[in-house]
Each structure stands twice: as structure tokens, then as C-alpha cells.
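Student: Here you go, one structure.
Any read-out appearing in this document is the output of simple, stated calculations on the displayed coordinates, not a laboratory observation. This one's a predicted model, so the numbers in the text were calculated from it and none came from an experiment. Every residue, glycine as well, gets a Cβ built from its backbone with ideal geometry; the counts of neighbours run over all protein chains shown.
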Amino acid sequence: MTTDYFILKDNCRRGLLKYLEKAFSAVPEFPDPVILDVGCGTGVPTLWLADKYSGSITAIDTDTLALDWLQRKAGSKNLSERLTTVNVSFFDFKSDPDNFDIILAEGFLNVVGFETGFPLVIRLLKRTGYFIIHDEFKDHEKKLEFIRNNNCSVADSFYLDENIWWNDYYKKLESEINKRADSDILKLFESDIKEIEYYKSDPSPFRSIYYIIRKE
């Protein structure tokens, strides 16, 4: 049942990959980059990165089941030698400073706080490396100033309105859940159903933004 859950969620999550691809269009070519994916979940963006780049990827998350699923997918794609998963909170993650060429954080700063998480992530990024952030659309000008004050520049940014989240994710997810609407499925998707209902009651918090950051 857990496998069915992850397959369904992954299929829906891929609807948002076109925006990740747009973000990475602002990143120059890197030969065999060293990449970190913070808060990778089941790794839909992680595997997209593995297809795009020939370097190594470290993917970290606190969800053991999600990481197990990511490892299974990586094995089926013969990516196990290039992809390392680490079951750890970012705050306990051990890494040398200036270690990564590219760091991706999809939603991580939204959880821990922009001003809390940003400096901690940036210290792991090599100079002239790129930090791709997907964050809630909030305090935009304040964040831009904070980025500049941390010796970084914004190579690009773009806004995703709340309709994108419905059209490219939640609409399909709701439809797929309804197709399988028995008591076991509803229990498995309980948190997702609550999230969809929250969206319907007030979609405005689902506005988001990508920042493509260069470390100077």
C-alpha cells in the first residue's frame, strides 16, 4: 500500500518539474557537479537532477520511508553509485564548507525560516556555485536584501501563483485519490486530503517563488 501511495504522489509531483527545469535554465553548465538536495522527500526533483547532470548527488531527508523509496528508484535506474541518501535533519548533516557546486532546496526554507536556513546552506556552497530555492512568496524584498547581505546575487527569480498549484498538482492528486476512495486509501492520504481542503478554503498561501542564487 505504501508503494502505491508513493507511485501516485510521484506521478502527480512530476507536474511541477517544468518549473524546476525553468529554474535550472538560469544555471550555467557544470561538468560533473557535486550536488546537494535538501529535504528531498521521495526524490522526484533528485532524479531529474540525476538525468540532467553526470556528477554526484547527496539527497537528505528525515523521512525514512521516502528515502527507501528513492533508493529503490535510483537502483532501478542504475544511479546508486552517483546518488547517496542520508536520513538526517539538515541541522545534523555533516559536510565540509564550500563542498557543493549546486544545492537545491524545495520548500526547506519555508519550513525552517529563510533567515535561519539560508546562511547555513550557503556555507556549504562553493564560491560561484548555485543555490536553487523554491519558497513561499512572502517578504520578497526583504529576502532579496538578505541574499545580497550574505554575499550572494540573484541570477533569476520567478513567481508561481496559486492556480499553478491547483492545475499542475492538487487537481490531479484529488482525482487520483477519488478513483481509489476506500477506507484504507483515505487513511493513507489523510494529510494530503487535508492539504487539498486547506487549499480550497484559501489558496493564497500557496503562492510561491523560485530564486536562483549565485554565491559570490
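Student: Could you tell me which trypsin sites (Lys or Arg not before Pro) in the range 83-168 are loop residues by DSSP with no more than 16 other beta carbons within 10 angstrom of their beta carbon?
Tutor: K94, R123, K138
Student: Using DSSP, restrict attention to beta bridges with both residues in the chain and report what percent are antiparallel, rounded to the nearest 5.
Tutor: Restricted to the chain, the bridges split so that about 45 percent are antiparallel.
Student: Hey, what number do you get for the chain at 222 nm if only DSSP H runs of n ≥ 4 count, each worth -39500 (n - 2.57), divided across all residues, to the nearest 500?
Tutor: Result for the chain, helices only: -12500 deg cm²/dmol.
Student: I'd like the distance between the alpha-carbon centres of the range 176-210 and the range 9-52, rounded to an integer number of Å.
Tutor: About 23 Å separates the Cα centre of the range 176-210 from the one of the range 9-52.
Student: Give the order of L160, L144, L70, L49 when sorted by the count of other beta carbons within 10 angstrom, beginning with the fewest.
Tutor: Fewest-to-most Cβ neighbours within 10 Å comes out as L144, L160, L49, L70.
Student: Now, a different point. What's the magnitude of the charge dipole for the range 92-198 around its Cα centre, counting Lys and Arg as +1 and Asp and Glu as -1 at the beta-carbon? Answer in Debye, nearest 20.
Tutor: Computed about the Cα centre, the dipole is about 320 debye.
Student: Over the range 104-171, what is the mean sequence separation of C-alpha contacts under 8 Å (at least six apart), divided by residue count, expressed as relative contact order in percent?
Tutor: 32
Student: Take the alpha carbon gyration tensor of the range 1-127, find the square roots of its eigenvalues, order them as a ≥ b ≥ c, and report rounded if a/c is under 1.5; if not, report prolate when a/b exceeds b/c, else oblate.
Tutor: rounded
Student: For the range 33-118, with only Lys/Arg (+1) and Asp/Glu (-1) charged at the beta-carbon, what is the dipole magnitude about the Cα centre, in debye rounded to 20?
Tutor: 360
Student: To continue, here is another question. Mind putting a number on the dipole of the chain about its Cα centre? Charges go on the C-beta only, +1 for Lys and Arg and -1 for Asp and Glu, and I need it in Debye to the nearest 20.
Tutor: Dipole about the Cα centre, nearest 20: 340 debye.
Student: Same structure, new question: Of P97, L79, F6, which is farthest towards the positive pole of the range 4-102's charge dipole, taken about the Cα centre with +1 and -1 on the beta-carbons of Lys, Arg and Asp, Glu respectively?
Tutor: F6
Student: At what distance in nm do the modelled label points of F137 and K179 sit from each other, each positioned 7 Å from its Cα along Cα→Cβ?
Tutor: Here the answer is 3.0 nm between the modelled labels.
Student: If each residue's Cβ is checked for other Cβ atoms within 10 Å, how do V88, V38 rank with the fewest at the top?
Tutor: V88, V38
Student: Relative contact order (percent) for the chain, with alpha-carbon contacts under 8 angstrom and 6 or more residues of separation?
Tutor: The value is 23 percent.
Student: With a/c under 1.5 counting as rounded, go ahead and sort the chain into rounded, prolate or oblate using the C-alpha gyration tensor (a ≥ b ≥ c being the square roots of the eigenvalues; past the cut-off, prolate if a/b is larger than b/c, else oblate).
Tutor: Verdict is oblate for the chain.
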